[in-house]
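The values are calculated or read from the model by the stated rules, or taken from the named source; none is laboratory data. Keep in mind that what you see is a predicted model, and the values were worked out from it rather than measured. Please note: Cβ atoms are built from the backbone with ideal geometry, for glycine as well, and neighbour counts cover all protein chains shown.
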Amino acid sequence: MSTRESDRITSAQQTLDILYEMSQLLNTQLDKETLATCVGMIESGVNPEALAAVIQELRRESSVLSAQPATGSHR
Amino acid sequence: MSLDPALETLVSSVVAGARNNTHLKTDLVSHCQDILTSHIGQGQEPDLGHLADIIKRQLLHSSPSGAASLKFTNLLSRLLDQPILSKKHASVLFLHSLATSSRQNIKKPAFLSNITLPPPSRNVVPSPFDVISVNQQSGGKSKAELLREHRRKTDLPQLPEALLIRDALYLLQGISGKFVRFSLHDDTDPEDMLVFLDDPRYVITAPIKAVIHRLSEVGYLYTRVSAFVQDREAAPGVGMIEQSLCHHLQAQLTEYYRLIAILESQMASKSIHSGEIMIYIPTDGIEEEMGLTLRRLDVWINEWRLRMRMMSICVEGARDAHGGALVNLIHGYTDNGDPFVRRFTDELLEEVSKPFFATLHKWLFSGELYDPFSEFFVALDLTMAHLQYVHPSSLAGGIGPPSGDGGFGGFGGEADDLSNVREGGLRLWETKYQFQKNMLPMFVGEAFGRKIFSTGKSLNFIRYSCHDSDWVVTREKMSNTGGTLKYSDIAGLERSIDAAYQIASQRLFEVFIEKFKLLDHLCALKNYLMLGHGDFADQLMEALGPSLTKPANTLYRHNLTATLETAIRSSNAQNDPTDVLRRLDARMLEYSHGEIGWDVFTLEYKVDAPIDTVFDPESMEKYLKLFKYLWQMKRIEGALNKGWMRIAGGARTFLRVPELNSEWHRIRLVMGEMIHFVRQLQAYCHLEVIECSWKVLIDFLNKKEGDLDALINAHRMYLDRMVKKIMLLSPRAGKEENVLMQVKESFATILQFREASDNFYNYCLSESARRDGNLDTNRGVFTGAEGGEMQPPDALVKICDRLKEYSSSFSDRAQTIVQYLQVHPDLDCRFLGIRLSFSDFYKSKKAQ
């Protein structure tokens, strides 16, 4: 039972590794954790292209915000 | 929502600021949910293989070495082995989408500060549609691609070029192809000669059609040329020049076949190379290095197009031109600036003119016309052709070689025979061969053409009419050692023509002068017919005189010929060669009632072939005319001589009638005037006209230049000059014979005067006899003469009247003649006028 569980975990780990490598190859700039979250969401049925759009959106948001804290810290 | 926690994690992991700010976090999460529930990315078919291809191609673009692509393939296969994920495609698609979309953001400068630069990409303008576009590799679409897409949409692909090439090769041989065929109607104009078959599955584009049109022109010309060649091969009676033209064309066509065979083998190699003709996929970019395309075919054929055109032109010309004219036609194209055309026509001409030169050689060196298809510029008159052999042989037995025993008898029976054949001579020479200017090749030139014509004619004449074929044969053998005549050696041709012409005309002169004694005959004509032999003429006049005063119908030919022979024997003429004397004959012209012997008698000189070429019947007639006039003059002279002898001798010695002495004196004066007139006339004729003309002719003969035509012309000029001057002909139309008539009338007057003076003499004679008788009777001497009765005095008056009338009429005529002669356009005739009235005798008379 536990071996099956551990097998599952290693296999999941391997899959994630592969995907991470792919992501790096494709230059997506995702870290492993976010990638795992995204893959989880995709596995649960989220449209991959929509998710990609979300990531884009969030990154845009983050870049806007990263400009703001610089001014906010002075405040 | 089960997704919310995951989303929250995502938001907080990506957006650092949201980790502490819950408000922001909830905002972002709800925003993300909106996006997720939207329709982005709907309707995408889950094809992992396809997606993998796209990604790989992109990777290839970004790193052309292929290492990244290889790594991706590797990763993908490992991923597929993993059992965990149920939606591997979706995950890969997510990564891909993120990758492509993230690349867009690279340009954003704000982003650049945060994130490390991605590996440089050559893909400058990516668009979401790239995913859809299959063939897309480079940025914009080329026109060709647009066109191809358009075609694919209209569903009419271009007809495969290989098929068209096969058709084009057929077209080049004049055969209709599968898709393109020749129009069946011959009358359509060349533009519509081709018919493209409509195939609903394919289209043939206009440029391709134009190329095929160009190619098919060659095919069309080919059919014409080959049809012509075949036509001529089958047809009988095709000229030799045309035959050689056909041969040359055939050789050219064989070359053409060879080219087509090569082209065909190229096409075959291509079809093997590509493997499939029927399923032709237009390859873009990489052209076939090997094989055949329509354009290549066009280039290959290009030179042949010109050649075919030339050939076709020749063929067209050959339809209505013939022999030399055909050579001319081709020669017309040698003066072309295009070296290709020039070379082609030169070659063609070299070939085509060979039979022409063969004929020319035969004609120029042996005088034989071998021209079975009448292509040469010398044409044989068929009606004269048989004479070549019949003519001389028929004469050979008659008066051919001078035989020792040949008297005058031989002529009698053959007279009719001769007159028939005699019209041959000159006509044979002049009409047997005709010069045809339109058949003369231009590269020979007309002057040379004439020379060639004359040379061959002379040789032919020497050979057949002069029986001197040995010489011609020898000459021919000698000439064969020299090079052959050909088109490319025009200078050599001209040299040999000149040489042959010189030799032939020289030989012709030799033959005429040495073998046929032309000079002897000319002398004979001058001596006998123009009374050059004075002693002979006097003898003849003396012997014939009494019989010629008789009526013409009492004269007999044998008497005349006998008298002629007597005259010859008793004069220097007997020393002339027998051949000349044999030909001399006396005969009477056609006479009518009342004419006397003087009017109809004539001498004749018989000529035969080949001398009659020079002494043609027409000139013989002129000789006769001259003889008649000169003979008349001679007669007057003789009559005057005799009359003078009576007057001068008799009247002074025994005609003692003193009261008539003044009358006698007057008669002597008039007769002196007449004698002066006739003597001057004779001297003029013989010295100034005949001898001067003779000298010109002899000079020409000694030069030995020119051909037989020149000889004939010289003789004709000699004769014409004499006729014109002796007859005192004036060039003014209608008045040519005015002076001649006057002279002839004055001759008649002289004869009448002579008769009257004879009467007067008789009267005086009987008167003096009567007076002598009276004197004897007075002296008582019986002399037997009865004294006779007194002649009626009116008889004396009548005679004196007639004498006066004739003398004045003669004076008037002489004066008129002198007046005419003084304004005569001919200088010699004018000079005669001066001689006649040397002391202004006639002029002063008029002034009185």
Could you check the stretch B:187-233 and list, in sequence order, the residues that are over 25 Å from B:Thr293 (Cβ atoms) and at pLDDT 80 or above? B:Arg224, B:Val225, B:Ser226, B:Ala227, B:Phe228, B:Val229, B:Gln230, B:Asp231, B:Arg232, B:Glu233
Reported set for the stretch B:716-740 where residues are buried (at least 20 other Cβ atoms within 10 Å of the Cβ) and in a helix (DSSP H, G or I) is B:Tyr718, B:Leu719, B:Met722, B:Lys725, B:Ile726, B:Val739
Condition broken by B:Ser458, with the remaining ones in (1) modelled with pLDDT of 80 or more; (2) more than 21 Å from B:Ser505 (Cα to Cα) satisfied: (2)
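For B:Ala537, indicate whether it is within 30 Å of B:Phe512 (Cα to Cα), touching a His at 6+ places or on another chain (Cβ under 9 Å) and in a helix (DSSP H, G or I).
Working: within 30 Å of B:Phe512 (Cα to Cα): yes; touching a His at 6+ places or on another chain (Cβ under 9 Å): no; in a helix (DSSP H, G or I): yes.
When the stated conditions are applied, B:Ala537 does not pass them.
Residues of the stretch A:31-66 being hydrophobic (A, V, I, L, M, F, W, C) and more than 7 Å from chain B (Cβ to nearest Cβ), which ones? Show your work before the answer.
At the first step, the residues of the stretch A:31-66 found to be hydrophobic (A, V, I, L, M, F, W, C) are A:35-36, A:38-39, A:41-42, A:46, A:50-55, A:58, A:64-65.
The answer is A:Leu35, A:Ala36, A:Val64.
Looking only at the stretch B:66-81, which residues are of a type outside the set (A, V, I, L, M) and either more than 10 Å from chain A (Cβ to nearest Cβ) or without any contact (Cβ under 8 Å) to a residue 12 or more places away in the chain (or both)?
Let us first name the residues in the stretch B:66-81 that are of a type outside the set (A, V, I, L, M), namely B:66, B:69, B:71-74, B:77-78, B:81.
If the condition is that a residue be of a type outside the set (A, V, I, L, M) and either more than 10 Å from chain A (Cβ to nearest Cβ) or without any contact (Cβ under 8 Å) to a residue 12 or more places away in the chain (or both), then B:Gly66, B:Lys71, B:Thr73, B:Asn74, B:Ser77, B:Arg78, B:Asp81 are the ones that fit.
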Subset tally (residues that are on the phi < 0 side of the Ramachandran plot, surrounded by 12 or more Cβ atoms within 10 Å (Cβ to Cβ), at the interface with chain A (Cβ under 8 Å from one of its Cβ atoms) and modelled with pLDDT under 80) for the stretch B:38-58: 3
Neighbours by Cβ (under 6 Å, 6+ apart or cross-chain): first from the stretch B:556-580, outside any helix (DSSP H, G or I); second of a type outside the set (A, V, I, L, M, F, W, C): B:Ser570/B:Gln539; B:Ser571/B:Asp535; B:Ser571/B:Gln539
How many residues of the stretch B:216-237 are over 30 Å from the mean Cα position of the chain (by Cα) and outside any helix (DSSP H, G or I)? The answer is 0
Contacts under 6 angstrom Cβ, first residue in the stretch B:672-691 being part of a helix (DSSP H, G or I), partner at pLDDT 90 or above and of a type in the set (D, E, K, R), 6 or more apart: B:Val678/B:Glu637
Does B:Ser488 satisfy being at pLDDT below 80 and not in a helix (DSSP H, G or I)? yes
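Search the stretch B:545-555 for residues being in a helix (DSSP H, G or I) and aliphatic (A, V, I, L, M), and hand back the single one that is modelled with the lowest pLDDT.
Of all residues in the stretch B:545-555, those in a helix (DSSP H, G or I) come to B:545-548, B:552-554.
Adding the requirement that they be aliphatic (A, V, I, L, M) leaves B:548, B:552.
Numbers: B:Leu548: 84, B:Ala552: 81.
The residue in question is B:Ala552.
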Suppose the filter is surrounded by fewer than 17 Cβ atoms within 10 Å (Cβ to Cβ), modelled with pLDDT under 80, farther than 30 Å from A:Glu61 by Cα and facing chain A (nearest Cβ under 7 Å); does B:Ser63 pass it? no
When you check B:Ile84 against the structure, is it within 12 Å of chain A (Cβ to nearest Cβ) and modelled with pLDDT of 80 or more, yes or no? no
Quick one: which residue in A:Arg4, A:Arg8 is more than 7 Å from chain B (Cβ to nearest Cβ), more than 27 Å from B:His61 (Cβ to Cβ) and modelled with pLDDT of 80 or more? A:Arg8
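Taking B:Glu604 as the residue in question, decide whether it is loosely packed, with under 15 Cβ neighbours inside 10 Å and either within 30 Å of B:Asp707 (Cβ to Cβ) or in contact with a Pro (Cβ under 7 Å, 6 or more places away or on another chain) (or both). Break it down into steps so the answer makes sense when it comes.
On the way: loosely packed, with under 15 Cβ neighbours inside 10 Å: no; either within 30 Å of B:Asp707 (Cβ to Cβ) or in contact with a Pro (Cβ under 7 Å, 6 or more places away or on another chain) (or both): yes.
When the stated conditions are applied, B:Glu604 does not pass them.
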So the check is Cβ under 7 Å with 6+ separation or different chains; which pairs have a first residue in the stretch A:9-26 that's within 12 Å of A:Val39 (Cβ to Cβ) and a second one that's of a type in the set (D, E, K, R)? A:Leu16/A:Lys32; A:Ile18/B:Arg78; A:Tyr20/A:Lys32
